[in-house]
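Note sheet for the following structure.
Here, each number is a calculation from the coordinates, and none is a lab measurement. Quick caveat: nothing in here was measured; it's all calculated off a predicted structure. With ideal geometry, Cβ positions are generated from the backbone for all residues, glycine too; neighbour counts draw on all protein chains shown.
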Amino acid sequence: MKFKFAHFFYYSPLEGKGMNMFYGANHTIFQRAQELRSTMTTAEEILWNVLRINNWKLKFRRQHPVANYVVDFYCHRIRLVIELDGAIHEVEEVKRHDTHRERHLKEFGLTVLRFKNADVLNDTNGVLRTIEHAIEELSNSPLGDGGKRTASEMDGKKTRLIVIKIGGNVIDDEKKLSLFLDSFSRIDTLKILVHGGGKIATSVGNKLGIESKYINGRRITDDETIDLVTMVYGGLINKKIVAQLQSFGCNAIGLSGADGNLIPATKRGALAGVDYGWAGDVSGSRLLVAGWQVLLQNAFVPVVAPLTHDERGHILNTNADTIASTLAAALSGLYDVRLIYCFEKKGVLENVEDENSVIDSIDKKKYQQLLSEKKLF
């Protein structure tokens, strides 16, 4: 497994499965979709509340770019489009446009269901029965798996898993964070998000009279500080991210390493005579891979706070970069893993003075070479 580094990550519609998911939609269509997501009719809201987290375990997107159009709801796994029409769609010119649009969408192999807003408002259950019938037909598979296995699983290849770590440059900027989470929610494969703490813990600590102490850029986690970071990392930051992802239709679940015994660690001993307090070091060999597999296979998107536990009842403050890399390495036996870091810099620099000296990928040999030449920053 190689490690991919990125300054800031957006899932491109031309990358991997994304190319099929958007059918060549251009930048203008994406902008239009973004605008439409800020408003919903009452009928759209009723239907979205059912589709966003559903019993079929399917991921739907709303106001989704497809070719030259923005469709109301879309499920990529079964290639189903659901459209809701207001009164304007009774106008003859609009009807002709809808007919052309539907014919074009079907040329891509998409199934289109069309309802009136009044159908949803007056007979919600009837609309849902129609959708459920379509899902049953589209999901039917001679393999008896409900059509839910991916193509890569059927031909023996590993399913893609993307692990992304974000830090303070994203977390501390509400606009950047919202844009990132919107893009993250649209990644059409298994995914895990690991977040750091940004400057929020320091800010909250200052208000509470808890002084932040650092040595060589590392936070000293004393008794007061471990309580502070547990509240801020595992509570405030984690749950804000989870709530935003839910608003984008991404079924996120916020976790620390203590939850489900998912990330056991050991308390760090003194390094070079420095006691870092309740800091934790993760051991990949003790990481509970089966627990992560259960979450991923049941359509949860884990959002991981930089906290672990020592199996003796104590929370440990743990480096988010290390958690992300440990997860990626441990899960690479089950999945085709891609690990992405979001940096304030453009990436890992070979020359700290040169912003353009980005190292695109590092293997063990390259790492040892850079380390010996003291070029890693």
Between helix 174-185 and the chain: long-axis angle, C-alpha atoms, 0 to 90°, nearest 10: 60
Packing-based order for 319-325, 114-120, using average beta carbon neighbours within 10 Å, highest first: 319-325, 114-120
Nearest-ten-degree value, helix 238-247 long axis tilted from longest Cα axis of the chain: 10
Hz values of 3J(HN,Hα) by residue in the range 121-128 - Karplus curve (6.51, -1.76, 1.60), Gly and Pro given as x: 5, 9, 8, 4, 4, x, 4, 5
Rg/Rg_globular for the range 36-82, with Rg_globular taken as 2.2 N^0.38 Å and Rg from C-alpha atoms: 1.11
Potential lengthening between Asn261 and Gln293 on full extension [0.36 nm per residue; Cα-Cα distance subtracted]: 10.2 nm
Gyration tensor verdict on the range 314-357 (Cα atoms; rounded if a/c is under 1.5, prolate if a/b is larger than b/c, oblate otherwise): oblate
Debye, to nearest 20: dipole size of the chain, +1 on Lys, Arg Cβ, -1 on Asp, Glu Cβ: 760
Peptides ranked, highest mean first, by Cβ atoms within 10 Å: ranges 302-312, 241-251, 33-43: 302-312, 241-251, 33-43
Size-normalised alpha-carbon gyration radius of the chain, reference 2.2 N^0.38 Å: 1.11
Label-point separation, Val352 to Asn55 (7 Å along Cα→Cβ), nm: 5.9
Farthest toward positive dipole pole in the chain [+1 Lys/Arg, -1 Asp/Glu at C-beta], among His100, Val50, Ser185: Ser185
Phi-based couplings in Hz for the range 324-338 (Karplus 6.51, -1.76, 1.60; Gly and Pro marked x): 4, 5, 5, 4, 4, 5, 5, 8, 5, x, 9, 10, 7, 9, 10
Mean residue ellipticity (222 nm) of the chain, computed from DSSP H runs ≥ 4 via -39,500 (n - 2.57), nearest 500: -10500 deg cm²/dmol
Protection proxy ranking, peptides 226-235, 130-139, 185-194, average beta carbon neighbours within 10 Å, highest first: 185-194, 226-235, 130-139
Nonlocal amide H pairs with Asp85, under 5 Å, H built at 1.01 Å: Phe115, Lys116, Asn117
DSSP bridge pairs, the chain: antiparallel proportion in percent, nearest 5: 40
Cα shape, the range 271-329, gyration tensor, a/c 1.5 rule: prolate
Within the range 270-362: Cβ-based charge dipole about Cα centre, in debye rounded to nearest 20 (Lys, Arg +1; Asp, Glu -1): 460
Violating pairs (Cα-Cα greater than 22 angstrom) within the set Lys176/Lys240; Lys175/Lys240; Lys191/Lys239; Lys175/Lys213; Lys213/Lys267: Lys175/Lys213
Three-way shape label, the range 50-127, alpha-carbon gyration tensor, a/c 1.5: oblate
